[in-house]
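Trainee: Starting off with a structure, shown below.
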Amino acid sequence: MQTMVEALNASAPLEKVALETYVPPAKPSLIGLSRAEIAERLAAIGVAPAQRKMRVQQLWHWIYVRGAKNFDEMTSISKEMRAQLEAHFTVARPEVAAEQISSDGTRKWLLRLPSGDSLEKAHEVECVYIPETDRGTLCVSSQVGCTLNCSFCHTGTQRLVRNLTAGEIVGQIMVARDRLNDWADRETPSGGRLVTNVVMMGMGEPLYNFDAVRDALLIVSDNEGIGISRRRITLSTSGVVPNIVRTGEEIGVMLAISLHAVRDELRNELVPLNRKYPIAELLQACRDYPGSSNARRITFEYVMLKGVNDSMEDAKLLVKMLKGIPAKINLIPFNPWPGTRYECSDWDQIERFSEYIFNAGYSSPVRTPRGRDILAACGQLKSETEKLSVRERQALRAMAMTD
Ligand code: SAH
Ligand code: SF4
């Protein structure tokens with residue numbers, strides 16, 4: 001007989017709410033537009049065809065190399081042109097609602113984004129900067145909340161959802177560079193930047209917002225602008241199979257897969273999207289991922305849940321099923337949140353699991369939780385204003401039961 005939990009899992013909706021649409025402000029920001037789109041906007045305000053290409057280049061440099069926050073700073077552009085740009089556009093980034101700095105140097109920014117429904121209050125997303133000795137990684141969000149419902153993830157319990165625009169995604173990197181004083185004219189002893197790597201591992205499922213994520217990452221990796229190389233950008237997906245190969249072809253960044261289970265039955269429960277795209281199809285998409293090689297491995301993320309997916313049997317199956325795929329395995333200690341039914345595996349079990357994988361020839365770093373004191377660790381990102389109440393959660397489950 002099916003237990004209550006099994007019944008809930010079997011019928012839980014993959015997508016919980018309709019996506020809200022984005023309504024652009026009257027005076028739009030140029031951030032997030034491709035060069036061709038900026039040229040179109042310039043044409044629309046009467047910039048002569050012969051001038052457009054040069055203007056686009058100037059704007060691109062001021063916005064993405066120098067981090068200009070207004071047109072006035074763009075001194076290589078004539079005063080009249082600057083006034084004309086100012087009349088129609090901005091270079092606004094998302095508004096920083098709060099900044100928190102952890103005792104370990106991790107920083108978290110809460111960003112306020114407009115809601116499509118003016119009666120509704122603004123949305124919030126989070127973006128986290130993690131400094132390490134040899135790099136600085138920015139964890140970027142792709143959606144407000146997430147349409148998916150992974151059972152161990154705090155973001156997945158959030159009610160309201162909107163896809164971020166390309167500008168709002170690029171805007172997170174702009175905000176980090178602003179707040180860290182990390183633009184090209186900043187003096188550093190090494191001449192290097194602080195934000196050197198980007199991971200699409202914040203709020204949301206990036207492959208359910210494919211176009212905006214692609215457009216944004218092409219801007220972030222453009223070497224005449226922000227210039228973070230594709231090899232230093234990692235996109236993490238819970239397994240939206242049809243968009244995995246497209247990610248390689250159209251964006252060319254590094255891929256991470258939130259695997260978390262080696263059997264479909266368990267993965268259906270942890271990552272309900274598995275019911276649509278089961279493990280075998282997911283692994284086939286990984287085998288087909290363009291550009292993967294031993295030098296450019298696919299990361300398999302595996303959250304360590306006590307007594308759920310952390311047995312040595314699981315470790316063995318994991319090694320077996322990744323055979324033939326250029327892979328590394330990233331073990332993530334589960335970060336608990338209020339109301340979760342899971343616990344993090346014991347440290348000695350995580351070590352045993354990791355050792356087995358290592359001995360089988362895989363690099364298997366255990367991700368050190370960073371910024372725990374400011375709730376910035378993996379899976380903890382969620383805006384306070386949009387939590388589901390206990391009653392709403394019950395109603396959602398009841399709805400799922402009667403579907
Ligand atoms: N939606 C994408 C990317 C965002 S989540 C995805 O699911 O891949 C980034 C990583 O954090 C994913 O591997 C996710 O499964 C993991 N994660 C989510 N909640 C977590 C938690 N509470 N503790 C540890 N890792 C978590
Ligand atoms: Fe969404 Fe990723 Fe959280 Fe799953 S783990 S609910 S896909 S953010």
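The values are calculated or read from the model by the stated rules, or taken from the named source; none is laboratory data. Treat the numbers as computed from the prediction; the structure is a model and nothing was measured. Using ideal geometry, Cβ is built from the backbone for each residue, glycine included, and neighbour counts are taken over all protein chains shown. For the accessible areas, the whole protein counts, side chains as well, though only heavy atoms, and no ligand, DNA or RNA atoms are used. Shrake-Rupley method; radii C 1.70, N 1.55, O 1.52, S 1.80 Å.
Trainee: Taking the stated definitions as given, is Ile257 more than 12 Å from ligand 2 (Cβ to nearest atom), among the β-branched types (Val, Ile, Thr) and in contact (Cβ under 8 Å) with a residue 24 or more places away in the chain?
Mentor: Details: more than 12 Å from ligand 2 (Cβ to nearest atom): no; among the β-branched types (Val, Ile, Thr): yes; in contact (Cβ under 8 Å) with a residue 24 or more places away in the chain: yes.
No; evaluated as a whole, the condition is false for this residue.
Trainee: How many residues does region 228-254 hold that are outside any loop (DSSP other than H, G, I, E, B), in contact with a helix residue (DSSP H, G or I) (Cβ under 7 Å, 6 or more places away or on another chain) and farther than 25 Å from Tyr64 by Cβ?
Mentor: Count: 5.
Trainee: Among the residues of region 205-232, which ones are within 12 Å of ligand 2 (Cβ to nearest atom) and open to solvent by less than 20 Å² (accessible area, probe 1.4 Å)?
Mentor: Glu205, Pro206, Leu207, Asn209
Trainee: Further, regarding this structure: Arg135: open to solvent by 40 Å² or more (accessible area, probe 1.4 Å), within 16 Å of Ile228 (Cα to Cα) and either touching a Phe, Trp or Tyr at 6+ places or on another chain (Cβ under 7 Å) or among the charged types (D, E, K, R) (or both), yes or no?
Mentor: On the way: open to solvent by 40 Å² or more (accessible area, probe 1.4 Å): yes; within 16 Å of Ile228 (Cα to Cα): yes; either touching a Phe, Trp or Tyr at 6+ places or on another chain (Cβ under 7 Å) or among the charged types (D, E, K, R) (or both): yes.
For Arg135, the condition - open to solvent by 40 Å² or more (accessible area, probe 1.4 Å), within 16 Å of Ile228 (Cα to Cα) and either touching a Phe, Trp or Tyr at 6+ places or on another chain (Cβ under 7 Å) or among the charged types (D, E, K, R) (or both) - is met.
Trainee: Of the numbered conditions (1) within 18 Å of His154 (Cβ to Cβ); (2) in contact (Cβ under 8 Å) with a residue 40 or more places away in the chain; (3) not aliphatic (A, V, I, L, M), Pro333 satisfies every one except a single condition; which is it?
Mentor: (2)
Trainee: Please give the strands (runs of 3 or more DSSP E) falling wholly within region 51-150 in which 2 or more residues are without any contact (Cβ under 8 Å) to a residue 60 or more places away in the chain.
Mentor: Details: elements: 95-101, 107-113, 123-131, 136-139.
Hits in region 51-150: 95-101, 107-113.
Trainee: Looking at region 29-50, which of its residues are within 23 Å of Gly171 (Cα to Cα) and either assigned to a helix (DSSP H, G or I) or over 33 Å from the mean Cα position of the chain (by Cα) (or both)?
Mentor: Step one: of region 29-50, the residues within 23 Å of Gly171 (Cα to Cα) are 29-42.
Scanning region 29-50 gives Arg35, Ala36, Glu37, Ile38, Ala39, Glu40, Arg41, Leu42.
Trainee: Kindly provide the set of residues from region 51-64 that are of a type in the set (A, V, I, L, M, F, W, C) and either within 17 Å of Gly171 (Cβ to Cβ) or open to solvent by less than 30 Å² (accessible area, probe 1.4 Å) (or both), ordered by number.
Mentor: As a first pass, look at region 51-64 and keep what is of a type in the set (A, V, I, L, M, F, W, C): 54, 56, 59-60, 62-63.
If the condition is that a residue be of a type in the set (A, V, I, L, M, F, W, C) and either within 17 Å of Gly171 (Cβ to Cβ) or open to solvent by less than 30 Å² (accessible area, probe 1.4 Å) (or both), then Val56, Leu59, Trp60, Trp62, Ile63 are the ones that fit.
Trainee: Can you tell me how many residues in region 18-36 are of a type outside the set (S, T, N, Q), surrounded by 14 or more Cβ atoms within 10 Å (Cβ to Cβ) and farther than 20 Å from Pro114 by Cβ?
Mentor: Here is the first cut: in region 18-36, the residues of a type outside the set (S, T, N, Q) are 18-20, 22-28, 30-33, 35-36.
Add one more test, that the residue is surrounded by 14 or more Cβ atoms within 10 Å (Cβ to Cβ), and what stays is 19-20, 22, 28, 30-33, 35.
In the following step, the residues that additionally are farther than 20 Å from Pro114 by Cβ were identified as 35.
Of the residues in region 18-36, 1 are of a type outside the set (S, T, N, Q), surrounded by 14 or more Cβ atoms within 10 Å (Cβ to Cβ) and farther than 20 Å from Pro114 by Cβ.
Trainee: Please indicate, with yes or no, whether at least one residue in region 187-198 is surrounded by 24 or more Cβ atoms within 10 Å (Cβ to Cβ) and not in a helix (DSSP H, G or I). Outline the logic, then answer.
Mentor: We begin by selecting, within region 187-198, every residue surrounded by 24 or more Cβ atoms within 10 Å (Cβ to Cβ); these are 198.
When the remaining residues are screened for being not in a helix (DSSP H, G or I), the result is 198.
Yes, region 187-198 has at least one match.
Trainee: I'd like the residue in region 261-288 that is assigned to a loop (DSSP other than H, G, I, E, B) and open to solvent by 10 Å² or more (accessible area, probe 1.4 Å) and, out of all such residues, is nearest to Gly239 (Cα to Cα). Talk me through it step by step, then tell me what you get.
Mentor: From region 261-288, those assigned to a loop (DSSP other than H, G, I, E, B) are 261-263, 271, 276-278, 288; that's our starting set.
Checking which are open to solvent by 10 Å² or more (accessible area, probe 1.4 Å) leaves us with 262-263, 276-278, 288.
Values: Val262: 13, Arg263: 14, Lys276: 9, Tyr277: 7, Pro278: 9, Asp288: 14 Å.
So the residue we want is Tyr277.
Trainee: Then there is this: Take Ser190 and tell me if it is modelled with pLDDT under 95 and out of contact with any strand residue (DSSP E or B) (no Cβ under 9 Å at 6 or more places or on another chain).
Mentor: Working: modelled with pLDDT under 95: yes; out of contact with any strand residue (DSSP E or B) (no Cβ under 9 Å at 6 or more places or on another chain): yes.
Yes; evaluated as a whole, the condition is true for this residue.
Trainee: Restrict the check to region 289-303 and report whether at least one residue is more than 15 Å from ligand 1 (Cβ to nearest atom), open to solvent by 40 Å² or more (accessible area, probe 1.4 Å) and under 20 Å from the mean Cα position of the chain (by Cα).
Mentor: yes
Trainee: While we're looking at this one, here's another question. Looking at region 319-373, which of the residues that are of a type in the set (Phe, Trp, Tyr) and open to solvent by 70 Å² or more (accessible area, probe 1.4 Å) is farthest from Gln100 (Cα to Cα)?
Mentor: Our first condition is that a residue be of a type in the set (Phe, Trp, Tyr); within region 319-373, this holds for 334, 337, 342, 347, 353, 356, 358, 362.
Then drop every residue that is not open to solvent by 70 Å² or more (accessible area, probe 1.4 Å), which leaves 347, 356, 358.
Numbers: Trp347: 28, Tyr356: 37, Phe358: 36 Å.
Selected residue: Tyr356.
Trainee: Here's something else I'd like to know. Say whether the condition of being under 17 Å from the mean Cα position of the chain (by Cα) and under 27 Å from His154 (Cβ atoms) is met by at least one residue in region 258-269. Give the steps one after another, and end with the answer.
Mentor: Step one: of region 258-269, the residues under 17 Å from the mean Cα position of the chain (by Cα) are 258-259.
Narrowing further to those that are under 27 Å from His154 (Cβ atoms): 258-259.
Yes, there is a match, as at least one residue in region 258-269 is under 17 Å from the mean Cα position of the chain (by Cα) and under 27 Å from His154 (Cβ atoms).
Trainee: Among Ser142, Ser115, which is the only one that is among the small types (Gly, Ala, Ser), in the same structural domain as Met203 (by TED's automatic domain parsing) and more than 16 Å from ligand 1 (Cβ to nearest atom)? First the steps, then the outcome.
Mentor: On the way: Ser142 fails: more than 16 Å from ligand 1 (Cβ to nearest atom).
Being among the small types (Gly, Ala, Ser), in the same structural domain as Met203 (by TED's automatic domain parsing) and more than 16 Å from ligand 1 (Cβ to nearest atom) holds for just one of Ser142, Ser115, which is Ser115.
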